[in-house]
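The values are calculated or read from the model by the stated rules, or taken from the named source; none is laboratory data. Predicted, not measured: the structure shown is a model, and the values here were computed from it. Cβ atoms come from the backbone with ideal geometry, glycine included; neighbour counts cover every protein chain shown.
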Amino acid sequence: MKLTVIGCGDAFGSGRRFHSCYLLETSKGRLLLDCGANSPLAMKRSGLTISAIDAVVISHCHGDHFGGLPFLFLDKMFMERSPGPLEILGPPGIGARTEALLECLYPAITDLPRKFDLIFTELPPGQETLWRGLPIRTFEVQHPSGSPSLALSFADEGRRFSFSGDASWCDAVTGAGRGADLYLIECTFFSTKSGMHLDYRTLASKFEAIGAKRYLLTHMSEEMLAARDEIDTGRCIAAEEGLAITI
């Protein structure tokens with residue numbers, strides 16, 4: 001597997017970063033992980049086209065993680081005009097939430113003729129779903145978003161990659177990352193405690209319990225960005241847009 005960081009910012013664009021968006025290349029296909037409101041622009045700046053991805057996986061339904069889906073839909077419909085399906089995987093309710101977002105931004109857009117199917121697959125918490133034979137395990141984390149917020153774990157060719165999504169500290173954060181070769185984990189704050197997000201000091205105290213081989217810190221606020229020099233570089237990498245890591 002290979003992970004490329006397309007966007008790694010928080011909801012506020014701290015550090016002039018784009019919203020959450022990552023390309024995960026597997027033996028079964030190329031997955032876009034999250035698609036925040038400005039992710040389509042980040043994709044274009046990175047040279048990533050919609051036709052180059054096989055499916056989109058959404059961790060949770062907040063605007064900085066799934067708000068860009070209408071613009072992917074429009075780009076595929078009117079610009080790329082590619083015939084392959086737009087497949088979106090996400091928490092229960094992902095279809096209804098995405099269609100409501102489409103209708104809000106572009107009323108009746110889904111009623112217009114198009115050359116592709118819009119396919120939704122729900123990822124129930126606490127279960128394993130196969131996508132083209134690729135196992136995707138889900139863990140429900142503490143992060144209110146109107147539907148279950150998910151941490152995700154992918155297994156491919158003897159390697160494991162995990163993504164925390166957004167989460168405050170909970171057992172699911174440990175479960176999702178346990179033994180991962182690479183754990184992409186939100187680290188919004190350095191020391192500030194939050195009921196919605198993780199902080200580095202709490203995370204550092206849990207490294208042994210999680211047991212991941214490497215931690216890729218993302219979703220960093222200005223506070224966390226200012227403290228990057230204090231992270232344990234033997235275990236952690238601070239995410240940067242354009243960074244590519246072979247897992």
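Kindly check whether there is at least one residue in the range 168-181 that is under 24 Å from GLY95 (Cβ atoms), of a type in the set (A, V, I, L, M, F, W, C) and buried (at least 18 other Cβ atoms within 10 Å of the Cβ).
Yes: the range 168-181 contains one or more residues that are under 24 Å from GLY95 (Cβ atoms), of a type in the set (A, V, I, L, M, F, W, C) and buried (at least 18 other Cβ atoms within 10 Å of the Cβ).
Among all residue pairs at least 6 apart or on different chains, which show Cβ distances below 9 Å where the first residue, located in the range 154-165, is closer than 15 Å to GLN127 by Cα and the second is crowded, with 17+ Cβ neighbours inside 10 Å and among the hydroxyl-bearing types (Ser, Thr, Tyr)?
Matching pairs, first to second residue: PHE154/THR26; PHE154/SER162; SER162/SER153; SER162/TYR183.
Checking the conditions here, which among GLY146, GLY211 is more than 22 Å from HIS19 (Cα to Cα) and out of contact with any Pro (no Cβ under 6 Å at 6 or more places or on another chain)?
Matching residue, one of GLY146, GLY211: GLY211.
Which pairs have Cβ atoms under 7 Å, sit 6 or more apart or on different chains, and link a residue in the range 129-145 that is among the charged types (D, E, K, R) to one that is assigned to a strand (DSSP E or B) and surrounded by fewer than 19 Cβ atoms within 10 Å (Cβ to Cβ)?
ARG132/GLY29; ARG137/GLU128
Taking strands (runs of 3 or more DSSP E) that fall entirely within the range 14-88, which contain at least 1 residues that are surrounded by fewer than 17 Cβ atoms within 10 Å (Cβ to Cβ)?
Per the criteria, 29-33.
Go through the range 174-226 residue by residue and tally those that are touching a residue at least 40 places away in the same chain (Cβ under 8 Å) and among the polar types (S, T, N, Q).
The number of residues fulfilling the criteria is 3.
Yes/no matrix, rows are residues, columns are (1) loosely packed, with under 13 Cβ neighbours inside 10 Å; (2) within 14 Å of SER162 (Cβ to Cβ); (3) not charged (D, E, K, R):
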{"site": "SER205", "(1), (2), (3)": "yes, no, yes"}
{"site": "GLY211", "(1), (2), (3)": "no, yes, yes"}
{"site": "THR218", "(1), (2), (3)": "no, yes, yes"}
{"site": "LEU225", "(1), (2), (3)": "no, no, yes"}
{"site": "THR233", "(1), (2), (3)": "yes, no, yes"}
{"site": "GLU241", "(1), (2), (3)": "no, no, no"}
{"site": "ILE247", "(1), (2), (3)": "no, yes, yes"}
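Kindly provide the set of residues from the range 60-98 that are among the aromatic types (Phe, Trp, Tyr) and either in contact (Cβ under 8 Å) with a residue 12 or more places away in the chain or touching a helix residue (DSSP H, G or I) at 6+ places or on another chain (Cβ under 6 Å) (or both), ordered by number.
PHE66, PHE71, PHE73
How many of the residues in the range 8-44 are acidic (Asp, Glu) and within 10 Å of the chain's Cα centre (by Cα)?
Looking only at that region, the number is 1.
Residue under question is THR110, and the condition is that it be modelled with pLDDT of 95 or more and β-branched (Val, Ile, Thr); does it hold?
Criteria not met by THR110.
Go through the range 14-38 and give me each residue that's basic (Lys, Arg) and on the phi < 0 side of the Ramachandran plot.
Residues satisfying the conditions are ARG17, LYS28, ARG30.
Could you pull out the residue among SER153, SER147 that is closer than 27 Å to ASP75 by Cα and either small (Gly, Ala, Ser) or surrounded by fewer than 22 Cβ atoms within 10 Å (Cβ to Cβ) (or both)?
The conditions single out SER147.
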